[in-house]
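Laboratory data are not the source of any read-out in this text; all were calculated from the coordinates shown. Given the structure is predicted, the values throughout are model-derived calculations rather than measurements. When we count neighbours, we look across all protein chains shown, and the Cβ atoms used for this are built from the backbone with ideal geometry, even at glycine.
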Amino acid sequence: MQKAQLESTAFAADECQQIGGSFSANKRGAIFLIIRPSKPDDAPQVAPLIDIVFTEMEIPQLMKVPKKTLYSVLEQAFLLPTYRYGYPQMLVADQDGQIEGIAVGYLHEQEAHIDDALKPLLPKLGLTPNSSLFSDTETYAGEWYLDTLAVAETAQGHGIGTKLLNAVDTVARARHAKVVSLNVDQQN
């Protein structure tokens, strides 16, 4: 295992300055929306957003797991810096302290071990530590892979997804990725 594969993709402060915030309007008037790196305190708000994607994917191993249990495990896993859905891999759309959307991404070099940190938590989901939720290779060399983009249903249609995509591009460039890639369900 190479050290580089275990290092998190924490967004550096200079990368985040390029992301910045922007104004968005809703029924209450102008609200400040900022795209920022996630932080450990965001765990309770991001777990349901991650689950939006899990539900759409219909991951068989998770279909019967109670939401309370799943969210608890996702919140614990979020604190693991090398995990796929760990806070260092995530940007959030923060609107007045409410997380309305997330973008999760990582470099190709991290993919081989991106889920290793989750293994000790899998028994809490009724799975063995050697279980795998994701078996497909999804990235190629030189890529920044956008694993997850999710916006809360109540916040959709206000450009939050677009702002997150723009921020991902900024982070990928700062990481010297040649390409940002993602896989999309054809029904989506």
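Of all chymotrypsin sites (Phe, Trp or Tyr not before Pro) in region 91-188, which ones are in loop regions per DSSP and have a Cβ with at most 14 other Cβ atoms within 10 Å?
On the way: sites: TYR106, PHE134, TYR140, TRP144, TYR145; in loops: PHE134, TYR140.
Answer by residue number: PHE134, TYR140.
Tally Lys and Arg at +1 and Asp and Glu at -1 over the other residues with C-beta under 13 Å from the C-beta of GLY142: what net charge comes out? Mind showing how you got there, number by number?
Values: positive: ARG173, ARG175, LYS178; negative: GLU109, GLU111, GLU143.
Taking every Cβ under 13 Å from that of GLY142, the sum is 0.
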